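Since the structure comes first, as structure tokens, the remarks are kept for the end.
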Amino acid sequence: MLRLYYAAMTSAFRCRWALEEAGLPHELVRLSLARAEHKSADYLKVHPLGSIPALVDGDQVVLESAAICMYVGEKDPERRLVPAEGTIARAHYYQWILFSMTNLDSVVHGPYLRAFPRPPELRRGTATDDERAALRRYLDLVGDRIAGGWILGEQFTVADIVLGGLLEWADTCGQLRGATVAEAYLARLRQRPAFQRAAE
């Protein structure tokens, strides 16, 4: 069985969401950041940097949240979360995952880290106007694509999970305020039963 090392409000959320979407049996190992369980000797054997998440599959370990999500998508026997190999949709799938993890993460991660330790009622005031403008520059590139559907059109994929996970962070710290298309897209993602199960 797959084992996901997990902590709430970290990038492990998108991995848990992917597992729920794929319907794959898995064990969730919750780690407490407050108690520094991710720096324990046992966990450092799993992830030498002490970062969360990590996915264990038998005697193999997969690190990095986007890589874990992509791996989970490949393991879905029904192939619901990954476009067919050799298609332009598959190329765009890689494109939007890498776009999210390079461009979006670079402008969302900082404001989110500042919001993370704050009480919930204060988090949405964390991002600055400049940080919202920096995010909108990238969201303008995907606005037409997510206006009425998913990032690849009709097929929901791991690319939506990776993108959606970062938009969830952006919304948490108030960085998504005023980006109406992205806010509506995130609202649709939150309605997915797998998202809701992962958020429990």
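Contour minus end-to-end for Leu33 and Tyr94, with contour as 0.36 nm per residue of separation and end-to-end as the Cα-Cα distance?
Between Leu33 and Tyr94, full extension yields an extra 18.9 nm.
Going by a ≥ b ≥ c, the root eigenvalues of the Cα gyration tensor, does the stretch 97-188 fall in the rounded group (a/c under 1.5), the prolate group (a/b larger than b/c) or the oblate group?
prolate
Apply the a/c threshold of 1.5 to the C-alpha gyration tensor of the stretch 6-85 and tell me whether it is rounded, prolate or oblate.
Taking the square roots of the gyration eigenvalues as a ≥ b ≥ c, the stretch 6-85 is prolate.
Counting DSSP beta bridges with both partners in the chain, what percentage is antiparallel, nearest 5?
That works out to approximately 60 percent antiparallel.
Each residue of the stretch 161-176 in turn: what ³J(HN,Hα) in whole Hz from Karplus with 6.51, -1.76, 1.60 and θ = phi - 60°, glycine and Pro shown as x?
Per-residue couplings from phi come out as 5, 5, 4, x, x, 6, 5, 4, 4, 4, 5, 4, 9, x, 7, 8 Hz.
Among Leu113, Ala199, Leu44, which residue has its Cα positioned farthest towards the positive end of the charge dipole of the chain, with +1 placed on the Cβ of Lys and Arg, -1 on the Cβ of Asp and Glu, and the dipole taken about the Cα centre?
Leu113
With label points built 7 Å along Cα→Cβ from the Cα atoms of Arg118 and Glu154, find their separation and express it in nm.
Modelled inter-label distance: 4.3 nm.
By average Cβ neighbour count within 10 Å, what is the ranking of 26-36, 50-60, 11-21 from highest down?
So the peptides 26-36, 50-60, 11-21, ranked by packing, come out 11-21, 50-60, 26-36.
Distance in nm between label sites at Asp140 and Asp42, each 7 Å beyond Cα in the beta-carbon direction?
5.1
How big is the equivalent ellipsoid of the stretch 151-200 along its three axes, where each semi-axis is √(5λ) from the Cα gyration tensor, reported in whole Å from largest to smallest?
Square roots of five times the eigenvalues give 17, 14, 9 Å.
Could you give the nm distance between label points at Val61 and Arg188, where each point is 7 Å from its Cα heading toward the beta carbon?
Modelled inter-label distance: 3.8 nm.
For the ranges 129-137, 99-107, what's the packing order if you count other beta-carbon atoms within 10 Å of each residue, average per peptide, and put the highest first?
The peptides rank, most packed first, as 99-107, 129-137.
Quick query: amide H of Val29 versus all other amide H atoms, modeled in the peptide plane; which residues come in under 5 Å with a sequence gap of 5 or more or a different chain?
Leu4, Tyr5, Tyr6
Quick note: the coordinates plus some simple rules give every number you see, no bench work behind them. Here the structure is a predicted model, which means the values were calculated and not measured. Positions of Cβ are generated from backbone atoms using ideal geometry, with glycine treated the same way; all protein chains shown enter the neighbour counts.
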